[in-house]
Amino acid sequence: MTAAANKAWPYPRWIAHRGAGKLAPENTLAAFRLGASHGYRMFECDVKLSADGVPFLLHDATLDRTSNGQGLAAELSWDELSRLDAGSWHSPAYAGEPLASLEAVAHYCLDNALALNIEIKPTPCSESLTGTVVANAAARLWADAPQDSLPLLSSFQADALEAARVAQVHLPRGLLLNTLQAGWLENALKLGCVAVVCNYTQWDALSVQQAQSAGLKVLSYTVNEASAALRLRALGTDGIITDRVDLFSPSS
Ligand code: G3P
Ligand code: MG
């Protein structure tokens, strides 16, 4: 068991996916505000880099689905990105909502005592750079926060997690997985992770026990049905990422 994995788990069980799931434009501050209004105290978001190296929130590599921009987001400067409308695609009520920088989200979370799961979501071919820059930015933004208030960094990209570890070893990390493929536990431990965050359908009694016995927390995404949440609770898992901030009470 790693020293990092041994530490107490400071995060809430319930985590609002992309701010408030599908109820608000994903990965915007408006979504965080809506998730918080439903009582959520922890948020997941996707972070990548602008052309000039500014970490900001966006799930896709391209702008088309969730903004009025087009093409690869990584080809625009933050100044250009910050002038886009990331709300109208969702609904008229959110027209004009901007893309969020990691810095703005960090201030929002720190000001409101909210926890954050930063999914490092690199534009392809920028995995290590994104891991390094996001970790350094998070360390700077949370410089005055106690260890138990630091953001959890996660990624599907081992190179991004490794770069984050090299840059800021004190920031907790989680390995994101679509499946529990051969070597999943060894890979998580090798990366010095404190958690494995996997597609919820993959967990069973044996895999949960293997992770927890190795000192790792067990988290799941994206859980939107009560039956799935009940199963994960019965398995003794530690965290649930959901779109359904309107269905699940974060105090349950
Ligand atoms: O971090 C959990 C989840 O967000 C991973 O999948 O595609 O929604 O970023 P995705
Ligand atoms: Mg994500």
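The values are calculated or read from the model by the stated rules, or taken from the named source; none is laboratory data. Small disclaimer: the values here were computed from a predicted structure and weren't measured. Ideal geometry is used to build each Cβ from the backbone, glycine not excepted, and the neighbour counts take in all protein chains shown. Calculation scope for accessible area: heavy atoms of the full protein, side chains included, ligands and nucleic acids excluded. Shrake-Rupley method; radii C 1.70, N 1.55, O 1.52, S 1.80 Å.
For segment 97-173, the solvent-accessible area works out to 40 Å² per residue, with a probe of 1.4 Å and every protein chain left in place. Can you give me the C-alpha center-to-center distance between segment 55-99 and segment 163-225, rounded to a whole angstrom? Comparing the Cα centres of segment 55-99 and segment 163-225, I get a distance of 30 Å. Taking the Cα centre of the chain as reference, the dipole from Cβ charges on Lys and Arg (+1) and Asp and Glu (-1) amounts to some 740 debye. Electrostatic bookkeeping for residue 112 treats Lys and Arg as +1 and Asp and Glu as -1; over the other residues with beta carbon under 12 Å from its beta carbon, the sum is +1. Computed from backbone phi with θ = phi - 60° and the Karplus coefficients 6.51, -1.76 and 1.60, the 3J(HN,Hα) list for segment 198-215 is 10, 3, 4, 5, 7, 6, 9, 4, 5, 5, 5, 5, 5, 5, 5, 5, 8, x Hz; x is used for glycine and proline.
Under 37 °C and 0.692 mPa s, how fast does segment 60-142 diffuse according to Stokes-Einstein, given a Kirkwood radius computed over C-alpha pairs? Answer in µm²/s, whole number.
The Stokes-Einstein estimate is 233 µm²/s.
Summarised as an ellipsoid, the chain has semi-axes of 27, 21, 16 Å, derived from the eigenvalues of the Cα gyration tensor scaled by 5 and square-rooted, with the largest first.
Here residue 190 is the anchor, and the aspartates and glutamates within straight C-alpha reach of less than 17 Å, apart from those fewer than 8 places off in the same chain, are 159, 162.
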